[in-house]
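Input: a single structure, listed below in structure tokens.
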Amino acid sequence: MSATGPESGARIRIHGGRLVDPANRIDDILDLYVADGRVAGVGEPPAAFRADHEIDATGQVVCPGLVDLCARLREPGQEHKATIASETRAAAAGGITTLCSPPDTDPVIDTPALVQLLRERSERTGYARVVAVGALTHGLAGEHLSEMAALSRAGCVGVGNGRAPLANPLIQRRALEYAASFDLTVFVHPEDHWLANNGCAHEGAIATRLGLPGVPEAAETAAVARDLALIEQTGVRAHFCRLSTARAVRMVARAQYDGLPVSADTAIPYLHLTEMDVADFNSLCHVAPPLRTQRDRDGLRAGIAQGALAAICSDHQPHEPDAKLAPFPSTEPGISGLDTLLPLALRLARDGVMTMPEVIARLTCGPAGILGLPYGTLSAGATADVCVFDPQAGWRLTPADLHSRGHNTPFVGWELEGRVTHTLLAGRVVYTRDGHR
Amino acid sequence: MSQSNAALQLDEEGRLLHFLTIDGLGREMLTEILDTAEGFTGVSERTIKKVPLCRGKVVANLFFETSTRTRTTFELAAKRLSADVLNLNISASATSKGETLLDTLRNLEAMHVDMFTIRREKGPDFGRLRVAIVGDIQHSRVARSQIHALNLLNTGQVHVVAPKTLVPAQAEQLGVKVYHNLIDGIRDADVVIMLRLQRERMQGALLPSEHEYFQLYGLTEERLAYAKPDAIVMHPGPINRGVEMDSQVADGPRSVILQQVTHGIAVRMAVMSMAMRQKTASETELEIP
């Protein structure tokens, strides 16, 4: 793998590939021309263009670099699990060019200094772009508002309280109102902390059988109901993070139909796995919110297909091995997802849930729109974040294939289709698969 | 899931190698354990309370928390099989892990011992039995194991009796009938198993008080009369007198709670000897006298 490709000002021609740019409704065999870090031409070269570097994309798909709505880089604070360097490298190998970090680093992203730190460290290693959601409350403690205006000025794409609860609904209302004053998007994790009651699996027949404390469906739907009421009350623009129930999808879709400014996403594991996958206490399937029923999985798939859920994220949470070696409830939740985001998303097309360009949309312009960023497209003049992948490449996932420091994924052993061959970040090649030029 | 647990615990010929969970063991194995335990009940009555089955073997007891009851029964069982016993005391600072292990051991103890006790008192045909389990099903690993074992042994009817807050979600799918009324739940029961109520349940807004619990679910002579005339009363122990049952029932003629303790040794001997026998199959085949 190489990150020392041509200089960022270089002129690159990516030829012969199937160009899929959902933002511009393009799906055709077209050449892509890159110069000075931007898209210089699609289909036709700009005048007097001479390429410094050619990428042969015959038989491949050329699409915008993927935008991952939620990926934990573990830095600062948990560098024993992973670092910005290791995870942005993994992102590049997965075709992901923009990563959004949630605020729950240590220390929490509640000051401009932390936003700056993330930006500087990711720019220094240079494999992927890192943006951040700032903290809604100071220290994510749920009591005092953070300096949201300062965070916004520092470049946060929005604010949120992560999975930490707010002290009471009044504080939630005030926090939403304050954020709305600055036109900030609030990222909401809809889970009633008290109804969830430290559960670690979906409350149902399987958790009952295994004796695992359960998180009822109502923990999510009750929270969504209250959040929607407050969103309407305060006029804030909100995004629901990682929906896990079919019911919540319907509630959000209804609210969208009624004109509320709400968006939603789910993470890729929820589109493939269910509570059945926990049945042998497999701690690799311990995630929060928990994997739920088949019906919920189907409801989430429908939501993604119809667009009520505009984005699929990785919800990347790399862990050291010890974090998953304990009795199930004592393990830390989370799956390491950067390496498998693209192939697992493409599987939805293979399974007939939606077309491949629609899948690409949920990974590019969909999340970019939610973050309010000008990425995820290949429009002329756009930043040249590009992902080239071989849609036919079949491979069986082994630990050796994982670039992330976290090997905690239940997808090891799965037969996957779709492998990234080149990734460009702002016109610079940051990843080339071995054996490719 | 059952398959992986079976693969973990049984060898290629389906004999017991390790004992971790009932799931995956199957009815034949469960019955074999109970039958083997039968053979060991006589040992406790002899002058020389030993059989040489595990002579030369070392049994290590790894307990994260001190527990007189559980540990001594394991120790006695191993010693009666003539094994050498090593007690490894890990300090109590390994808190959460330790509690889970201890609960697991308590659970294994209770499950097989209870099936063994029922079989001794009521005979081997579980199909004609109605068994009621009363109390905190939600938080009891013992109850879940008992339910599983009772279903494996084709018990006629299994009832669970508790307020809704103490019954787990979709409990019927475990193969039980759920009752919130004690009399309805234990009517014509052959076996009534009372579970221990823990103080924390009042803290978690699951129950208002021990007083009300006893009013609704406490077993008294009067209520026990609704079960069959020869019904037996069991309890994994230790009993909260005046909460799960009153002293009259606990010390009464229908209670087999004390026998449960003795039976525990025989069942452990059975499991240990079966698991260890596989390793000495190529050496001498020792017979139970």
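Let me know the charge dipole size of segment A:266-402 about its Cα centre in debye, to the nearest 20, where only the beta-carbon of Lys, Arg (+1) and Asp, Glu (-1) is charged.
Around 400 debye, computed over segment A:266-402.
Rounded to the nearest 100 Å², what's the accessible area chains A and B bury against each other, both chains counted, probe 1.4 Å?
Rounded to the nearest hundred, the buried surface is 1000 Å².
Under a cut-off of 21 Å between alpha-carbon atoms, report the lysines in cross-link reach of A:K81, not counting same-chain residues fewer than 8 places apart.
A:K324
What are the semi-axes of the equivalent ellipsoid of segment A:260-322, taken as the square roots of 5 times the eigenvalues of the Cα gyration tensor, listed largest first and rounded to whole Å?
24, 15, 8
Chain B: D in µm²/s via Stokes-Einstein (Kirkwood Rh, Cα pairs, 20 °C, 1.002 mPa s)?
Answer, rounded: 108 µm²/s.
If the cut-off is a Cα-Cα distance under 19 Å, which lysines reach B:K177, setting aside same-chain residues fewer than 8 apart in sequence?
Within the straight-line cut-off, B:K177 pairs with B:K164, B:K228.
For segment A:131-183, what Kirkwood radius comes out of the mean inverse Cα-Cα distance, in Å?
10.8 Å is the Kirkwood radius here.
Using label points projected 7 Å from each Cα along Cα→Cβ, tell me how many nm separate B:H211 and A:E358, to one decimal.
6.2
Run the reach check for B:K79 against lysines, Cα to Cα strictly under 23 Å, same-chain hits fewer than 8 apart removed. What comes back?
Partners found: B:K49, B:K50, B:K57, B:K279.
Once R0 is set to 25 Å, what does the formula 1/(1 + (r/R0)^6) return for the Cβ-Cβ distance between A:L373 and A:L260, expressed as a FRET efficiency to the nearest 0.05?
0.70
Over segment B:1-65, what is the mean sequence separation of C-alpha contacts under 8 Å (at least six apart), divided by residue count, expressed as relative contact order in percent?
21
Mind grabbing the accessible area of B:T21 for me, 1.4 Å probe, Å², rounded to tens?
My reading of the accessible area for B:T21 is about 40 Å².
So what are segment A:119-244's ellipsoid semi-axes, whole angstrom, largest first, if each one is the square root of 5 times an eigenvalue of the alpha-carbon gyration tensor?
29, 20, 12
Just how large is the dipole of segment A:388-437 about the Cα centre, in debye to the nearest 20, putting +1 at every Lys and Arg Cβ and -1 at every Asp and Glu Cβ?
Dipole of segment A:388-437, to the nearest 20 debye: 220 debye.
Give me the orientation-averaged projected area of the Cα convex hull of segment B:8-89, in nm², one decimal.
6.7
Ratio to report: Rg/Rh of segment A:349-429, with Cα atoms as the point set and Rh obtained by the Kirkwood method; give two decimals.
When Rh is taken as the Kirkwood radius, the ratio is 1.00.
Can you pull a Stokes-Einstein diffusion coefficient for the protein assembly as shown at 25 °C (0.890 mPa s), Rh from Kirkwood over Cα pairs, as a whole number of µm²/s?
It comes out at roughly 85 µm²/s.
Please work out how much length the chain gains when fully extended from A:D106 to A:L325, using 0.36 nm per residue of separation minus the C-alpha to C-alpha distance, in nm with one decimal.
Here the answer is 76.5 nm.
Using only DSSP helix segments of four residues or longer, with each worth -39500 (n - 2.57), what per-residue ellipticity at 222 nm results for chain A after dividing by its residue count and rounding to 500?
Mean residue ellipticity at 222 nm (helix-derived): -8000 deg cm²/dmol.
In bins 5 Å wide, starting from 0, what share of all Cα pairs of segment B:119-226 does each bin hold, as a percent?
2, 12, 24, 24, 19, 12, 5, 2, 0
What percent do you get for the relative contact order of chain B when only Cα pairs under 8 Å and 6+ apart count?
Answer for chain B is 21 percent.
Pop out the carbon and sulfur fraction of the accessible area of segment B:107-209 as a percent, whole number, probe 1.4 Å.
44
Round to a whole number: what % of the accessible area of chain A belongs to carbon and sulfur, probe 1.4 Å?
Result for chain A: 48 percent of the exposed heavy-atom area is carbon or sulfur.
Report, by chain and number, residues whose modeled amide H sits under 5 Å from the one on A:T421, excluding near sequence neighbours (fewer than 5 apart, same chain).
Residues meeting the amide H criterion: A:V388, A:F389, A:D390.
When the solvent-accessible surface of protein heavy atoms is calculated with a 1.4 angstrom probe, in what order do A:R25, B:R241, A:R301 fall, highest first?
Highest to lowest solvent-accessible surface, that is A:R25, B:R241, A:R301.
Using only Cα atoms, what Kirkwood radius does segment A:158-217 have, in angstroms?
13.3
Going by a 1.4 Å probe on protein heavy atoms, which residues of segment A:209-230 end up with at least 20 Å² less accessible surface in the whole assembly than in their chain alone?
Residues losing area: A:R209, A:G211.
What size of dipole, in debye to the nearest 20, comes out for chain A about its Cα centre when the only charges are +1 on Lys and Arg C-beta atoms and -1 on Asp and Glu C-beta atoms?
240
Mind checking Rg over Rh on segment B:199-243, alpha carbons, Kirkwood formula for Rh?
My calculation puts Rg/Rh at 1.04.
May I ask you to find the residues of segment B:164-204 that are shielded by at least 50 Å² of accessible area once the whole protein assembly is considered instead of their isolated chain (probe 1.4 Å)?
When all protein chains are present, B:A169 each give up 50 Å² or more of accessible surface.
Any idea of the accessible area per residue across the protein assembly as shown, 1.4 Å probe, to the nearest Å²?
Here the residues of the protein assembly as shown average 42 Å² of exposed surface.
Mind grabbing the accessible area of A:E123 for me, 1.4 Å probe, Å², rounded to tens?
Here the accessible area works out near 130 Å².
Under a 1.4 angstrom probe, counting protein chains only, how are B:T47, A:T409 ranked by accessible area, largest first?
Descending order: B:T47, A:T409.
For B:I133, list long-range residues whose amide hydrogen, built 1.01 Å from N in the peptide plane, is under 5 Å from its own amide hydrogen.
Excluding prolines and chain starts, which carry no amide H, the hits are B:H159, B:V160, B:V161, B:I193.
What percent of all Cα-Cα pairs in segment A:252-366 falls into each 10 Å bin, going from 0 up to the bin containing the maximum distance?
Here the calculated profile for segment A:252-366 is 14, 42, 31, 12, 1.
Mind checking which of B:V134, B:Q259, B:T220 is farthest towards the positive end of chain B's charge dipole, using Cβ charges of +1 (Lys, Arg) and -1 (Asp, Glu) about the Cα centre?
Farthest towards the positive pole: B:Q259.
Select from A:I55, A:P45, A:G211 the residue farthest towards the positive end of the dipole of chain A; place +1 on Cβ of Lys and Arg, -1 on Cβ of Asp and Glu, and compute about the Cα centre.
Of the options given, the answer is A:P45.
Hey, what did segment A:65-137 get for relative contact order, percent, Cα under 8 Å, at least 6 apart?
35
Computed FRET efficiency, Cβ-Cβ of B:A275 and A:A48, R0 51 Å: what is it to the nearest 0.05?
FRET efficiency, B:A275 to A:A48: 0.05.
Counting only other chains, what is the mean number of Cβ atoms within 10 angstrom of the Cβ of each residue in peptide A:309-316?
Mean partner shielding for this stretch: 0.
Which value, in Å² and to the nearest 10, is the accessible area of A:V157 when all protein chains are kept and the probe is 1.4 Å?
Result for A:V157: roughly 20 Å² accessible.
The values are calculated or read from the model by the stated rules, or taken from the named source; none is laboratory data. As the structure is a prediction and not an experimental result, all values here were calculated from the model. Please note: Cβ atoms are built from the backbone with ideal geometry, for glycine as well, and neighbour counts cover all protein chains shown. Heavy atoms of the whole protein, side chains included, go into the accessibility calculation; ligands, DNA and RNA do not. Shrake-Rupley method; radii C 1.70, N 1.55, O 1.52, S 1.80 Å.
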